[in-house]
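Okay, structure first, notes after.
No lab work stands behind these numbers, since they all come straight from the coordinates. For clarity, every value in this text was computed on a predicted model and none was experimentally measured. Note: ideal-geometry Cβ built from the backbone for every residue, glycine included; neighbour counts use all protein chains shown.
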Amino acid sequence: MKSLLFILLGTFMMFAQNNRFIYEVKYKRDSTSKNITKENHYLDITKDDIAYYNRMYFINDSLGLQGFKDYRLTSFLIKKKGNNAYQSYEYIGDVNFYKLAEEPKQQWIITDSIKTSNNFQVQKAITKFGGRSWIAWFSKDIPIPYGPHKFNGLPGLIMELYDIKKDYNFKVIKTEKIPQDYRRLSLESSISRAVPVTQKELDKLKLDLYSNPFKYVLNGNLTLPEGKKLLLDDGTVLSKEELKPAEVKERKKLKAFNNPIELDKAVRYP
C-alpha cells in the first residue's frame, strides 16, 4: 500500500492525476443501541475540488445511473479548491437535497505520540468538533491536509479518526487513481436540484418531516402512480393507502437517528 500511495502522490502534487482515499466507516446511528453500521466512504481529491461521499454513489454511477437493490440517497460534501467553505448537501428523507455552506475549523493539538498504521508512520492529534472529542492519526508522508467528513487542517492526510466514545470510527483501507474522464453523475444530479437553506431552516424541515413523514407523497410533491408502491430505506414497501398507518413506525426510525457525527446538530424530536 505504501509504495502505491507514493506513486500516486508523486504525480498528485503536480496535479497530473486525481486520487481517491477509501475509508471504512463504523458508527452508531442510535446512541442507546449496540448496533454498528459499517460503510465505505470515498474522499476524492482532484485539482478542482474535494468530495466526500458514500460508496453507493460510485456504484450507482458504475451501473450507468440504473440504480441497484441497496441504493439509497445520503448526504455528501463538496469543497472547491481555493475556497475554505464546504458545501454540505443534506438528504433528510423527503424529495429534496438541501445545501448549506460553512467553514469548519478544528483547533488541533498535535502530540508526540507516533505509531505505525498500514506501514505508515502516523502521529496523534486531538480536537473538539461538533460536540465530540476526537483523536486523529495523520501521516506527514502524505502531505494532504484533509480527512473524512469536514476534518481538515493537519499537516498530512488523516489515516484514522475516532471520537473518544468510539461512536464513530474512520480508517483508510485503500487508495486508487481516479480516471481522468470520471464524473460523479449521481452527485451532480443532486447538486443541480439542491435547495439552499440555513441550519435553522434545515432543523425545522426535519421537525416538519417528523410530524408528517410522508408529506411529500400525500401533498403531491412526489407522485405515486396508481398501483405503484413506495420503497423506504429499510426495504419496507408501502402503497399510498398504507402510508398513514405507517407514520408511527417512520417517526420511531427518525427519532432513533439521535447520534449524528456532529452531535451538537442533533434534532430534538418531540
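What you get for the range 102-204, charging only the Cβ of Lys and Arg (+1) and of Asp and Glu (-1), is a dipole of about 180 debye around the Cα centre. Compute the Cα gyration tensor for the range 165-213, then decide on rounded, prolate or oblate, letting a ≥ b ≥ c be the square roots of its eigenvalues: rounded whenever a/c is under 1.5, prolate when a/b is larger than b/c in the other cases, and oblate in all that remain. Because a/c hits 1.5 or more and a/b fails to exceed b/c, the range 165-213 counts as oblate.
For LYS177 and LYS244, the FRET efficiency from 1/(1 + (r/R0)^6), where r spans their Cβ atoms and R0 equals 45 Å, is about 0.35. For MET159, the residues whose amide H sits under 5 Å from its own are TRP137, PHE138, SER139, ignoring neighbours fewer than 5 places away on the same chain, with H placed 1.01 Å from N. Among the trypsin sites (Lys or Arg not before Pro) found in the range 138-201, those both in a DSSP coil and sparsely packed, with 13 or fewer other Cβ atoms within 10 Å of their Cβ, are LYS140, LYS165, LYS166, ARG183, ARG193.
Look at the Cα gyration tensor of the range 114-194: its axes a ≥ b ≥ c give a/c of at least 1.5 with a/b at or below b/c, and that counts as oblate. Summing +1 for each Lys or Arg and -1 for each Asp or Glu among the other residues whose beta-carbon sits under 9 angstrom from that of ASN152 gives +3.
Calculated FRET efficiency, THR198 to LYS166, Cβ-Cβ distance, R0 = 25 Å: about 0.20 to the nearest 0.05.
On average, how much area does the Cα convex hull of the range 67-163 cover when viewed from any direction, in nm²?
Computed as one quarter of the Cα hull surface, the answer is 8.4 nm².
Charge tally around LYS99: other residues with Cβ under 14 Å, Lys/Arg +1 each, Asp/Glu -1 each, net -1.
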